[in-house]
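Coordinate-derived values only; no laboratory data. Computed from a predicted structure; not experimentally measured. Note that we place each Cβ from the backbone using ideal geometry, even for glycine, and neighbour counts take in every protein chain shown.
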Amino acid sequence: MYLEDIWSKTKDIMKNSGHIDKIVYDTYFNDSFLKDLSEEKAVIVVPTHLQKIILQKELGFIVSSLYEVLSKKVDCDIYLENEYNHRQKRVNPVLINDENLECTDGVLPFYTFDNFVVGPSNKESHSAALACAYNPGKFYNPLFIFGNSGLGKTHLLNAIGNYVKKNHPDKKVIYTSGSDFVQRVFASFRNESPGSIEDFKAEIRNVDILLMDDIQFLAGKNKSHEIFFHLFNELVNNRRQIVLTSDRHPTEINGLEERLISRFYSGLSVGVDSPEFETSLAILRKKMENHSVDPELIDEDVLSYIATNFSKDVRQLEGHLNRLIFYSINFSSNQHIDFKTAMNAFKDQGVNIDKNELSVNKIKRVVVDYYGLTKQQLISKSRTKNIANARHIAMYLCRKHLDLPFNKIGEEFGKRDHSTVMSSCEKVEKQCQMDEIFLLAIREIEKSLI
Ligand code: ADP
Ligand code: MG
């Protein structure tokens with residue numbers, strides 16, 4: 001397979017993953033190229049500095065998308081075109097064995113025990129996870145890890161998978177999630193790919209370690225629940241390791257049957273909590289190290305500020321750190337980040353828009369232009385992801401820049417009620433806080449409103 005094909009498949013995966021917004025994909029990812037690929041490294045080239053930063057921020061996502069195509073982990077380097085040309089490296093089309101194209105086990109390669117920071121908030125779950133990885137099926141079966149979103153459950157689950165793959169290469173691991181499981185069951189019943197329900201069950205029965213994320217999605221899905229219950233019993237009886245995660249304690253998952261919950265008690269349930277200050281600091285430092293950021297870039301009191309204020313959810317810690325790194329490279333003449341610079345980076349850097357010149361119609365037009373939609377679609381009942389997304393953003397912009405009441409905005413967008421508009425605006429606001437790239441996309445749209 002040639003580089004172009006590999007990259008085109010990878011781009012399709014990134015585009016359709018739902019991980020990044022369409023506008024972000026179109027603006028920053030679409031005109032990137034895979035220039036070189038060796039056993040361990042992929043070289044990706046982009047036209048602008050901003051794209052380089054953004055792709056670097058999404059390196060993990062790019063590595064995992066490439067992994068889906070290549071079935072092996074390769075690190076990625078991102079270069080500007082002229083930087084790359086200076087390297088004068090020989091560029092060769094690479095042929096990849098087509099057998100490798102299917103990613104079969106689902107384990108995400110970049111979540112490992114090595115880059116998981118252990119502290120009092122996650123000590124138990126880390127230790128239990130490592131025990132399961134070290135000696136699968138022998139200690140706790142099932143292991144059930146529960147806790148709020150963003151506290152490292154998915155990370156730990158994949159760390160088990162990566163550890164087992166490295167240290168027990170003969171053992172078969174599968175990482176899946178409650179929602180994937182439900183979809184697979186659904187697709188198998190409708191006889192869509194991949195294969196019938198019997199093939200699907202046989203595949204699961206065959207594993208030595210089943211890693212199932214977000215089991216709460218099975219709640220209320222009777223068919224999937226039933227199938228899972230029987231598979232679960234078979235696996236445990238055959239001493240195969242099962243590790244499950246959920247956003248709450250098993251007894252609090254409404255819609256899971258008692259008989260399944262009671263089976264969970266045969267193993268061990270451990271919770272993950274929000275990291276304390278020291279752990280948050282260590283996570284920030286680890287993330288800087290992972291992104292090859294100079295440890296001197298950010299002042300100690302700035303890291304302390306982030307660790308003190310945003311440690312409820314590790315994603316938020318990461319989001320704030322990323323924002324600083326981004327800000328130091330793009331907006332600050334002095335690259336070093338002291339407290340004052342950090343506060344500037346965190347305060348909303350809104351684009352100055354003249355309210356007198358702005359109208360709901362203009363916002364609608366700019367948003368539909370960006371998303372390649374029609375105004376009709378924007379105010380329609382459609383819940384298609386990119387249409388709904390564009391609608392949320394347009395409503396948010398009306399609220400932010402025109403300061404219209406929610407019900408008035410609702411009228412403008414297909415007679416939606418007050419609470420729908422409010423929740424759309426909250427959604428966008430929340431994502432702006434957590435996701436620097438999304439925020440940038442909003443800024444791009446706002447620039448067109450001037
Ligand atoms: P959950 O599945 O609990 O919602 P994730 O495992 O997806 O959370 O974690 C969210 C982000 O936070 C990931 O990028 C993950 O690497 C990071 N993270 C969470 N806890 C830790 C930790 N203890 N050390 C390093 N990174 C962590
Ligand atoms: Mg998760």
Original post:
Where a Cα-Cα gap under 18 Å defines reach, which aspartates and glutamates qualify for residue 355, not counting those fewer than 8 residues away within the same chain?
Top reply: 403, 412, 444, 446
Original post:
Rounded if a/c is under 1.5, else prolate if a/b beats b/c, else oblate: with a ≥ b ≥ c from the C-alpha gyration tensor eigenvalues square-rooted, which is region 151-233?
Top reply: oblate
Subject >> Entries of 223/427; 41/427; 340/362; 138/165; 15/172 with Cα pairs more than 25 Å apart >> reply: 223/427; 41/427; 340/362; 15/172
Original post:
Dipole of the chain (Lys/Arg Cβ +1, Asp/Glu Cβ -1, origin at the Cα centre): which of 292, 345, 37 lies farthest to the positive side?
Top reply: 345
Original post:
Expressed in nm², what is the orientationally averaged projection area of the convex hull enclosing the Cα positions of region 168-306?
Top reply: 11.7
Original post:
In what order do 10, 308 fall by count of nearby beta-carbon atoms within 10 Å, going from fewest to most?
Top reply: 308, 10
Subject >> Placed amide H near residue 42: partners under 5 Å, 5+ positions off or other chain >> reply: 75, 76, 77
Original post:
Over the chain, what is the relative contact order in whole percent, taking alpha-carbon pairs under 8 Å and six or more residues apart?
Top reply: 13
Subject >> Under Karplus coefficients 6.51, -1.76 and 1.60, residue-wise ³J(HN,Hα) of region 204-213 in Hz, glycine/proline x >> reply: 5, 4, 7, 7, 8, 9, 9, 10, 10, 8
Original post:
How big is the charge dipole of the chain about its Cα centre, in debye rounded to the nearest 20, if each Lys and Arg gets +1 on its Cβ and each Asp and Glu gets -1 on its Cβ?
Top reply: 1000
Original post:
Percent relative contact order of region 1-85, based on C-alpha pairs within less than 8 angstrom and at least six residues apart?
Top reply: 31
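Could I get the Rg over Rh figure for the chain? Both from C-alpha atoms, Rh via Kirkwood, rounded to two places.
0.97
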**OP:** Give me the distance in nm between label points sitting 7 Å out from Cα along the Cα-to-Cβ direction at residue 309 and residue 259, one decimal.
**Re:** 5.3
Subject >> residue 276 long-range amide H proximity, modeled H, under 5 Å >> reply: 121
**OP:** Could you calculate the contour length gain from residue 196 to residue 362, that is, 0.36 nm times the residue separation minus the distance between their Cα atoms, to one decimal place in nm?
**Re:** 54.7 nm
Original post:
Which of the listed residues, 439, 406, 154, is farthest toward the dipole's positive end in the chain, when Lys, Arg count +1 and Asp, Glu count -1 at the beta-carbon?
Top reply: 406
**OP:** Please find, in a Gaussian network model of the chain (springs between Cα atoms separated by less than 10 Å), the residue of 279, 420, 154 whose mean-square fluctuation is greatest.
**Re:** 420
Original post:
If one computes the Cα centroid of region 106-132 and of region 348-418, what distance in Å separates the two points?
Top reply: 42
